[in-house]
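Presented below is the structure to which this report refers.
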Amino acid sequence: MIIFSDKKLKEVKYFKINTFEDFRGQIWTFWQKKYFKNINFNLDKFTSSKKNVLRGFHGDKKSWRLVTCVKGEVLNVIVDFRPKSTNYLKYTTFKLNDKNKTSVLIPPMFLNSWLCLSSDALYAYKWAFKGKYVDSNEQISVKWNDPRVNFKWPIKRPILSKRDK
């Protein structure tokens, strides 16, 4: 596993995952304790989405999230939501897919959003938090097209949940 710091938001780390491939298919490691010694993951989630589904911007004050796309392709956007940061409301982007096998570690107070670019996608989250899981009704949510973030999505009419509208 090769670990990089993002050039725009250095607190965001991304990983190129080592893979093994043969005539049967592929195997790759998404998470290994030795690379995350100070982060205790305690919840895994998957979301499946179809093309043009946009999820986010969501986050909270205490959760670390390790994300990847295990099937299909997504455009992942991460926003620094720390009010005292010099990077407040600045963003960075990643294309995550089952070909590049990249994972992104998102710190607390960074918002996560993504758009499904392929016909369908399976997106995986590992969550690390102390105490109780911060469910959607308690998370920070910022509208997908908030002018403060000013991210130009490559779509005009995404498929959105009530929460994301």
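The values are calculated or read from the model by the stated rules, or taken from the named source; none is laboratory data. Model, not experiment: these values are computed from the prediction. As a convention, Cβ positions derive from the backbone with ideal geometry for all residues, glycine included, and neighbour counts pool all protein chains shown. Note: accessible area is taken over every heavy atom of the protein model, side chains too, but ligands, DNA and RNA are not part of it. Shrake-Rupley method; radii C 1.70, N 1.55, O 1.52, S 1.80 Å.
General remarks:
- Filter result (in contact (Cβ under 8 Å) with a residue 60 or more places away in the chain and within 13 Å of His58 (Cα to Cα)) within region 128-148: Val134, Ser136, Glu138, Gln139, Ile140, Ser141, Val142, Lys143, Trp144, Asp146
- Residues that are farther than 18 Å from Trp31 by Cβ, surrounded by fewer than 19 Cβ atoms within 10 Å (Cβ to Cβ) and polar (S, T, N, Q) within region 98-140 comprise Ser118, Ser119, Ser136, Asn137, Gln139, listed in sequence order.
- Every test in (1) free of Cβ contacts under 8 Å to residues at least 60 places away in the same chain; (2) over 15 Å from Leu122 (Cβ atoms) is passed by Lys16 save one, and that test is (1).
- Qualifying residue in region 78-92 (condition: in contact (Cβ under 8 Å) with a residue 40 or more places away in the chain and open to solvent by 50 Å² or more (accessible area, probe 1.4 Å)): yes
- Taking the criterion of being in contact with a Leu (Cβ under 8 Å, 6 or more places away or on another chain) and either surrounded by fewer than 15 Cβ atoms within 10 Å (Cβ to Cβ) or assigned to a strand (DSSP E or B) (or both), the residues of region 1-30 that qualify are Lys13, Tyr14, Phe15.
- Here Ser136, Ser113 are screened, and the one residue that is modelled with pLDDT of 95 or more and either among the hydroxyl-bearing types (Ser, Thr, Tyr) or over 18 Å from Val79 (Cα atoms) (or both) is Ser113.
- Of all residues in region 40-53, exactly one satisfies the criterion of being farther than 12 Å from Ala121 by Cα and crowded, with 16+ Cβ neighbours inside 10 Å, namely Phe41.
- Scan of region 68-84 for residues that are in contact with a Leu (Cβ under 7 Å, 6 or more places away or on another chain) and either polar (S, T, N, Q) or not in a loop (DSSP other than H, G, I, E, B) (or both), ordered by number: Thr68, Cys69, Val70, Lys71, Glu73, Val74, Leu75, Asn76, Ile78, Val79, Asp80
- Pairs linking a residue in region 22-42 that is among the β-branched types (Val, Ile, Thr) to a residue that is part of a loop (DSSP other than H, G, I, E, B) and surrounded by 11 or more Cβ atoms within 10 Å (Cβ to Cβ), with Cβ atoms under 9 Å and 6 or more positions apart or on different chains, are Thr29/Met1; Thr29/Ile17; Thr29/Asn18.
- Residue check, Lys37 open to solvent by 80 Å² or more (accessible area, probe 1.4 Å) and under 23 Å from Thr93 (Cβ atoms): no
- Test result for Lys156, over 16 Å from the mean Cα position of the chain (by Cα) and within 27 Å of Phe36 (Cα to Cα): no
- Pick from region 54-77, criterion open to solvent by 10 Å² or more (accessible area, probe 1.4 Å), in contact with a strand residue (DSSP E or B) (Cβ under 7 Å, 6 or more places away or on another chain) and among the charged types (D, E, K, R), ranking: nearest to Asp146 (Cα to Cα): Arg55
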